[in-house]
Amino acid sequence: MRNIRHILNSPTTFPVELTVTSGQTFEIEHPDYTYVHPDSGELWHFPREGPIAVIDPAHIVKVLPKGRMNPF
């Protein structure tokens, strides 16, 4: 979870694509469109269009930073 928080706090990695265990992907365009709950670690994604997604970090299987600098 620490690596995901690092990626989400670094604007140079955006956009970021998250893939969860169901195969669904989430394209996060900017750090302002996310919130990580301090207790549960859930990732809340607020897309420009569509419903809010609450993502359990245990179900995140892939994080793909697509920004200018890939830190990994």
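So which residues in the stretch 38-56 are closer than 15 Å to Ile4 by Cβ and at pLDDT 90 or above, if there are any at all? First the steps, then the outcome.
Residues of the stretch 38-56 closer than 15 Å to Ile4 by Cβ: 38, 40-45, 53-56.
Within the stretch 38-56, Glu42, Leu43, Trp44, His45, Ala53, Val54, Ile55, Asp56 meet the criteria.
Given (1) surrounded by 11 or more Cβ atoms within 10 Å (Cβ to Cβ); (2) on the phi > 0 side of the Ramachandran plot, where does Glu42 come up short, assuming only one miss?
Condition (2) is where Glu42 drops out.
Consider Ile28 against the criteria (1) more than 14 Å from Arg5 (Cβ to Cβ); (2) free of Cβ contacts under 8 Å to residues at least 24 places away in the same chain; (3) among the aliphatic types (A, V, I, L, M): it satisfies all of them except one. Which criterion is unmet?
(1)
If you go through the stretch 11-23, how many residues are touching a Pro at 6+ places or on another chain (Cβ under 7 Å) and part of a loop (DSSP other than H, G, I, E, B)?
Just the residues of the stretch 11-23 that are touching a Pro at 6+ places or on another chain (Cβ under 7 Å), to begin with: 11, 13-14, 16.
Right, trim to part of a loop (DSSP other than H, G, I, E, B) and you get 14.
Qualifying residue count for the region: 1.
Does Glu49 satisfy the criteria of being surrounded by 11 or more Cβ atoms within 10 Å (Cβ to Cβ) and charged (D, E, K, R)?
no
Just checking, does the stretch 40-59 include any residue being small (Gly, Ala, Ser), part of a strand (DSSP E or B) and in contact (Cβ under 8 Å) with a residue 24 or more places away in the chain?
Here is the first cut: in the stretch 40-59, the residues small (Gly, Ala, Ser) are 40-41, 50, 53, 58.
Filter once more, so that each one left must be part of a strand (DSSP E or B): 53.
Now narrow it down to the ones that are in contact (Cβ under 8 Å) with a residue 24 or more places away in the chain: 53.
Scanning the stretch 40-59 turns up at least one residue that is small (Gly, Ala, Ser), part of a strand (DSSP E or B) and in contact (Cβ under 8 Å) with a residue 24 or more places away in the chain.
With the structure loaded, tell me whether His59 is modelled with pLDDT of 90 or more and surrounded by 16 or more Cβ atoms within 10 Å (Cβ to Cβ) or whether it fails that test. Spell out how you get there, then give the answer.
Values: modelled with pLDDT of 90 or more: yes; surrounded by 16 or more Cβ atoms within 10 Å (Cβ to Cβ): no.
Against the criterion (modelled with pLDDT of 90 or more and surrounded by 16 or more Cβ atoms within 10 Å (Cβ to Cβ)), His59 does not qualify.
The values are calculated or read from the model by the stated rules, or taken from the named source; none is laboratory data. Predicted model only: the values in this text are computed from it and were never measured. For neighbour counting, all protein chains shown are included, and Cβ atoms are generated from backbone atoms with ideal geometry for every residue, glycine included.
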